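Here the structure comes first, spelled out in structure tokens, and everything after it is commentary.
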Amino acid sequence: MTKFFLCLHVLAAVLAIGPVTVAASMFPKALRTAHGSPGDGDARSNLRLLHRVCRVYGAVGIAVPVFGFATAGSLGVLGSAWLITSILLTAAAAGLLVLRILPGQDSALTALLADDTTAAVPAAAARLAMLTGVFNLLWATVTVLMIVRPGSTTGA
């Protein structure tokens, strides 16, 4: 059963978190492009699509910790420091996505669609690029911890 949960956990991470990290990373550049070409409907459609990918796959991403807890429980490592650290980093990444990145994308998209010509859109693009970089770094750290598992004695 452990291998089954582990497979589901890894598949959920690849299929849910992967698209969010890519789409969120592409959003700031697409925002700058759409802002620089106000009449370009394709650029705006692309921006809406990237935001939708982040929202939908971010919601689907809840499967990652669910299967992760099932895997950790079957391995008997729920109290391990590397796992607790991974859980905290995952919670931080989820919080960053839900509380800062998605609302930031939404407000930038709203400002762009309202033809706001102020410096708000480029500033939002820069802020989103920074937040997304931190988000991706958190997930990269969790991935390394899941692979290396410092101090683990499970041999799995």
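What to note about this one:
- Within segment 75-112, backbone nitrogen closer than 20 Å to the virtual label 7 Å beyond the Cα of residue 22 toward Cβ: 97, 102
- For the chain, the per residue solvent-accessible surface stands at 53 Å², with DNA, RNA and ligands left out and a 1.4 Å probe.
- Per-residue HN-Hα couplings for segment 134-150 [Karplus 6.51, -1.76, 1.60; θ = phi - 60°; Hz; x = Gly/Pro]: 5, 4, 5, 5, 4, 5, 5, 5, 4, 4, 4, 4, 5, 7, 6, 6, x
- Carbon plus sulfur fraction of accessible area for segment 1-153, probe 1.4 Å, in percent: 72 percent
- Rounded FRET efficiency, nearest 0.05, which uses the C-beta distance separating residue 120 from residue 84 and R0 of 30 Å: 0.15
- Taking 0.36 nm per residue of separation and subtracting the Cα-Cα distance, full extension of the segment from residue 14 to residue 110 would add 31.6 nm.
- Placing +1 on the Cβ of every Lys and Arg and -1 on the Cβ of every Asp and Glu, with no other charges, gives the chain a dipole of roughly 260 debye about its Cα centre.
- When peptides 64-71, 127-134 are sorted by average Cβ neighbour count within 10 Å, with the highest value leading, the order is 64-71, 127-134.
- 222 nm mean residue ellipticity, helices alone, for the chain (DSSP H n ≥ 4; -39,500 (n - 2.57); rounded to 500): -26000 deg cm²/dmol
- Computed across segment 1-144, the Kirkwood radius stands at 16.1 Å (inverse of mean 1/r, all Cα pairs).
The values are calculated or read from the model by the stated rules, or taken from the named source; none is laboratory data. Since the structure is predicted, the reported quantities are computational estimates derived from the model, not experimental observations. Please note: Cβ atoms are built from the backbone with ideal geometry, for glycine as well, and neighbour counts cover all protein chains shown. Note: accessible area is taken over every heavy atom of the protein model, side chains too, but ligands, DNA and RNA are not part of it. Shrake-Rupley method; radii C 1.70, N 1.55, O 1.52, S 1.80 Å.
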